[in-house]
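Novice: One structure follows; several queries about it will come next.
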Amino acid sequence: MNNFCAALGRKKPLLDEESKLARVLNLLDLTALGVGSTLGVGVYVLAGAVARNESGPAACLSFLVAAIASAAAGICYAEFASRVPKAGSAYVYCYVTVGEFSAFIIGWNLILEYVIGTASVARALSNYIDALVGNVMQEKLTLLMPINIDFMSPFPDFMSFAFVIVLTGLLIMGVKESTFLNNIFTALNLCTVGTVMVVGIMNINVDNWKIAKEDIPEQFAAKAGEGGFLPFGMAGVMAGAAKCFYGYVGFDCVATTSEEAKNPKRNIPIAICLSLLIIFASYFGMSMVLTLMWPYYDQDPKAPFPYVLEQLNYPTIKLIVTGGAIFALCTSMLGAMFPLPRVIYAMADDGLLFQAFAKVNPRTKTPAQATLLAGLLSGVMAALFDLDQLINMMSIGTLLAYTIVAICVLILRYVPLVENEYLPEDNSVTLNQLGKSAFNLNNVKEPSRHTSTITNVTLLVYCLLASFFCGLVIYYLDFSDGASTAIFVFLLLAMIVAIVVIYRQPKADADLTFKVPLVPLIPLLSILFNIYLMLELDLQTWVRFIVWLIVGFLIYFGYGIRHSKVPSTLAPSTPMKPMPDAITASNATIMTTDSLNSELNQRQRQLNLKS
């Protein structure tokens with residue numbers, strides 16, 4: 001039993017070994033990949049849907065709130081990218097810090113999210129093209145090859161399957177070739193966004209942000225709220241923010257390319273921050289000009305910009321935007337699928353998935369078999385499931401990955417770099433002693449196992465409190481009910497106390513190329529927001545998620561736990577060639593905590609003997 005538990009918690013050491021993948025991606029490639037994977041359907045669809053149904057003209061504020069929440073997750077990814085320059089994104093981060101079983105869950109979820117993300121964009125692209133020609137494909141295939149199953153598409157979409165297979169072949173050809181095409185499509189996408197912005201500025205009508213309720217036409221009045229800039233109040237802004245958050249999902253694909261980036265510790269954090277900044281500027285600007293050009297209540301939730309440009313009599317610009325939307329969808333599909341084979345490759349290379357998927361093509365330097373598997377899974381999903389069904393399955397794994405990354409950032413910040421075991425002078429466990437340790441009233445300056453344990457336990461308590469708090473707010477909170485209000489206040493105060501306890505513990509002063517500011521506040525707020533959004537998901541999404549996890553557990557306990565390349569215990573004689581400067585201030589990579597502490601203690605003893 002002890003060996004079984006040790007296997008679940010074993011951590012992956014980072015070895016100084018040359019990557020099998022080709023290091024060809026520069027800062028421009030990484031930034032374009034992050035922008036292209038994220039700035040797709042959202043900028044052409046989401047702005048109109050949120051403005052009409054949730055936020056009104058304040059849709060720009062919804063995108064701002066969502067950007068803040070996404071930035072909290074993004075900068076956590078950026079810090080980890082500076083620490084762990086390995087392929088696999090959140091999977092590797094979790095493997096290094098939390099343990100193997102948690103890492104497998106995250107990696108398995110990322111596979112699901114990237115498969116569904118690729119399939120949904122392929123299906124959206126197919127639907128968009130089919131709509132331009134009068135839905136001919138839908139009508140013919142529904143008549144000739146109907147699928148009479150409720151939870152599947154009414155017809156097999158061979159076009160979306162073909163799109164994914166072509167993309168799979170492109171990715172197998174080579175990273176540089178596929179990113180070159182991505183750069184072109186992303187540039188065209190940004191040019192389209194710029195064109196719409198210029199046209200929007202030329203047609204601004206500030207009165208569209210000040211429409212009184214009585215001036216709203218009768219056919220729209222029932223669903224137009226109270227008019228003005230905030231027709232649905234701040235509640236509408238927050239509801240819109242929850243929807244807009246998914247428009248920012250995709251930047252994390254940059255973190256999966258660490259073994260293909262030329263300078264990952266520097267370029268990946270910069271690329272993540274730059275891509276988020278460009279994406280936010282595009283969303284914010286597009287949502288502003290959209291509602292300034294045309295009243296919020298008369299927006300088309302499926303294709304807002306072509307509709308508004310048609311109303312303003314700009315047929316040529318409408319065609320440009322239509323073409324830009326196709327390029328944007330192509331870029332989004334590439335960005336959604338690009339990280340998928342890298343996650344499969346990373347897990348197979350560690351022995352948690354079948355070894356066949358860890359092979360790298362010697363000519364193209366790409367994980368060819370993992371890419372082929374990713375393409376087949378995504379293509380089949382795109383062909384057999386409708387767009388709405390795919391979208392409903394997208395978010396839970398991504399949000400869970402964001403949560404785990406934020407937790408890992410906090411764990412690493414409070415782990416001692418040097419063995420400095422502080423214990424209270426009075427070893428008796430009393431309430432007074434617990435209070436002193438929890439709030440660090442002894443003013444301990446250096447982290448130790450003792451302070452790290454306090455942080456980890458408090459972090460677990462905070463996550464539980466946040467889950468209850470979000471569940472209460474979503475499903476039960478009623479300020480007219482005294483009991484509900486009392487529970488709300490208690491949970492809020494308890495979370496604040498937990499934040500203070502974590503804040504008071506000493507942090508490790510590691511010199512990294514990028515650090516999350518305002519620790520622990522930003523990672524803890526990211527955890528809270530992610531848990532809130534996960535609990536907002538419907539029951540069917542949770543059921544599908546649980547089924548997917550069960551399949552993953554069968555693979556892990558039937559294969560992965562026995563074939564893992566990380567032993568349950570690392571003996572002193574275990575050959576672990578550490579990265580040459582893994583413990584210096586100039587290098588941001590890390591080994592496992594225990595092996596790092598052992599190395600540092602050995603060097604300290606050598607220095608003491610010399611002195």
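Novice: Label-point separation (nm) for Val380 and Thr485, each offset 7 Å from Cα along Cα-to-Cβ?
Specialist: Label-label distance for Val380 and Thr485, simple model: 5.6 nm.
Novice: Right, something else. Just subtract the alpha-carbon distance of Val24 and Phe4 from 0.36 nm times their residue separation and send over the number in nm, one decimal. Don't skip to the end; give the middle numbers.
Specialist: On the way: separation 20, 0.36 × 20 = 7.20 nm, distance 4.03 nm.
Result for the pair: 3.2 nm of gain on full extension.
Novice: Calculate, axis by axis, the spread of Cα positions in the stretch 319-417 along the three principal axes, and write the results as whole Å, longest axis first.
Specialist: 58, 35, 27
Novice: Right, here's the next one. Tell me, how many Å apart are the Cα centres for the stretch 31-57 and for the stretch 530-559?
Specialist: Using only Cα atoms to place each centre, the spacing works out to 27 Å.
Novice: For Val497 and Asp215 in one chain, what is 0.36 nm times their gap in residues minus the Cα-Cα distance, to one decimal in nm? Kindly include the intermediate steps, with their values, before the conclusion.
Specialist: Working: separation 282, 0.36 × 282 = 101.52 nm, distance 4.91 nm.
Contour length minus the Cα-Cα distance gives 96.6 nm.
Novice: Say each of Leu312 and Val547 gets a label point 7 Å from the Cα, pointing the same way as Cα to Cβ; how far apart are those two points in nm?
Specialist: 4.5 nm
Novice: For Val198, Val473, what's the largest-to-smallest order of accessible area, 1.4 Å probe? If you can, show how the numbers build up before the last one.
Specialist: Working: Val198 85, Val473 50 Å².
Putting Val198, Val473 in descending order of accessible area: Val198, Val473.
Novice: State the Kirkwood hydrodynamic radius of the stretch 109-150 in Å, one decimal place, computed from all pairs of distinct Cα atoms.
Specialist: Values: mean 1/r = 0.0842 Å⁻¹.
Every distinct Cα pair counted, the radius reaches 11.9 Å.
Novice: Roughly how far apart, in whole Å, are the Cα centres of the stretch 128-204 and the stretch 394-413?
Specialist: 30 Å
Novice: While we're looking at this one, here's another question. Leaving ligands, DNA and RNA out of it, rank Asp130, Asp509, Asp300 by accessible area with a 1.4 Å probe, largest first.
Specialist: Working: Asp130 5, Asp509 135, Asp300 50 Å².
Ranked list, largest accessible area first: Asp509, Asp300, Asp130.
Novice: Now for a different question. Assign unit charges at the C-beta atoms only (+1 for Lys and Arg, -1 for Asp and Glu), then state the dipole size of the chain relative to its Cα centre in Debye, rounded to the nearest 20.
Specialist: Details: 38 positive and 42 negative charges, 367 e Å.
The dipole magnitude comes to about 1760 debye.
Novice: Please check the chain for the longest run free of chymotrypsin sites (Phe, Trp or Tyr not before Pro) that are loop-located per DSSP (anything but H, G, I, E, B) and have at most 14 other Cβ atoms within 10 Å.
Specialist: Values: sites that count: Phe151, Phe479.
Result, exposed sites excluded: 152-478.
Novice: Same structure again: Whole number in Å², please: accessible area per residue of the chain, 1.4 Å probe, ligands, DNA and RNA not counted. It would help to have the intermediate numbers written out before the result.
Specialist: On the way: 26550 Å² over 611 residues.
I get 43 Å² per residue for this part.
Novice: Next up: Can you quote the Å³ per residue value for the convex hull of the Cα atoms in the chain, rounded to an integer? Mind showing how you got there, number by number?
Specialist: Working: hull volume 112.6 nm³, N = 611.
Convex hull volume per residue, Cα atoms: 184 Å³.
Novice: Mind giving me the FRET efficiency for Lys359 and Leu477? R0 is 56 Å, r the Cβ-Cβ distance, nearest 0.05 is fine.
Specialist: Working: r = 53 Å, r/R0 = 0.94.
The pair Lys359/Leu477 has a calculated efficiency of 0.60.
Novice: Which angle between 0 and 90 degrees, to the nearest 10, do you get for helix 482-504 versus the longest principal axis of the chain when only C-alpha atoms count?
Specialist: Taking the Cα atoms of the chain, the angle to 482-504 is about 50 degrees.
Novice: Which entries in the list Lys365/Lys515; Lys223/Lys243; Lys436/Lys507; Lys223/Lys302 go over 22 Å, if you measure between the two C-alpha atoms of each? Please report the intermediate quantities before stating the final value.
Specialist: On the way: Lys365/Lys515 32 Å; Lys223/Lys243 18 Å; Lys436/Lys507 17 Å; Lys223/Lys302 17 Å.
Long pairs (Cα-Cα over 22 Å): Lys365/Lys515.
Novice: Follow-up. Within the P(r) computed for the stretch 45-157, what percentage of the Cα pairs occupies the region above 16 Å?
Specialist: When all Cα pairs of the stretch 45-157 are counted, 76 percent exceed 16 Å.
Novice: By how many degrees, between 0 and 90 and to the nearest 10, does the Cα long axis of helix 368-384 differ from the longest principal axis of the chain?
Specialist: 40 degrees
Novice: For Gln540 and Ile147, what is the calculated FRET efficiency with R₀ set at 22 Å and r taken between the beta-carbons, to the nearest 0.05? Intermediate results must be reported in sequence, preceding the final value.
Specialist: On the way: r = 19 Å, r/R0 = 0.86.
The formula returns an efficiency of 0.70 here.
Novice: For the stretch 451-496, what value does the Rg/Rh ratio take when both radii are computed over Cα atoms and Rh is the Kirkwood radius, given to two decimals?
Specialist: Values: Rg = 12.4 Å, Rh = 11.3 Å.
Here the Rg-to-Rh quotient is 1.10.
Novice: What percentage of the solvent-accessible surface of the stretch 366-409, computed with a 1.4 Å probe over protein heavy atoms, is contributed by carbon and sulfur atoms?
Specialist: Working: 970 of 1280 Å².
Carbon and sulfur: 76 percent of the exposed surface of the stretch 366-409.
Novice: Would you work out what percent of the accessible area of the stretch 153-228, with all protein chains in place, is carbon or sulfur (probe 1.4 Å)?
Specialist: Values: 2790 of 3980 Å².
Solvent-exposed carbon and sulfur of the stretch 153-228 make up 70 percent of the total.
Novice: Let me ask something additional. Would you pull out the residues with amide H under 5 Å of Leu25's amide H, same chain only if 5 or more places away, H placed 1.01 Å from N?
Specialist: Answer set, sorted by chain and number: Ala261, Lys262.
Novice: Take the Cβ-Cβ distance between Asn263 and Ile165 as r, set R0 to 30 Å, and report the resulting FRET efficiency rounded to the nearest 0.05. Display every interim value, and only then the final one.
Specialist: Details: r = 33 Å, r/R0 = 1.11.
Efficiency for this residue pair is about 0.35.
Novice: So what's the back-of-envelope 222 nm ellipticity for the chain, counting only DSSP H runs of four-plus at -39500 (n - 2.57) apiece and dividing by all residues, rounded to 500? Before the final figure, lay out each step's value.
Specialist: Working: 24 runs with 377 residues, N = 611.
About -20500 deg cm²/dmol.
Novice: Working with all protein chains in place, sort Arg413, Arg562 by solvent-accessible area computed with a 1.4 Å probe, largest first. All intermediate terms of the calculation are to be shown ahead of the outcome.
Specialist: Working: Arg413 20, Arg562 155 Å².
Putting Arg413, Arg562 in descending order of accessible area: Arg562, Arg413.
Novice: If I fit a long axis through the Cα atoms of helix 315-337 and take the longest principal axis of the Cα atoms of the chain, what angle between them do I get, 0 to 90°, rounded to 10?
Specialist: Around 30 degrees separate the two axes.
Novice: Pick out, from Phe468, Leu39, Pro517, the residue whose Cα sits farthest towards the positive end of the charge dipole of the chain, with +1 on the Cβ of Lys and Arg and -1 on the Cβ of Asp and Glu.
Specialist: Pro517
The values are calculated or read from the model by the stated rules, or taken from the named source; none is laboratory data. Just so we're clear, the structure is a prediction, and the values are computed from it rather than from any experiment. Cβ: placed from backbone, ideal geometry, glycine included. Neighbour counts: every protein chain shown. Areas reflect the complete protein model, heavy atoms only, side chains present, ligands, DNA and RNA absent. Shrake-Rupley method; radii C 1.70, N 1.55, O 1.52, S 1.80 Å.
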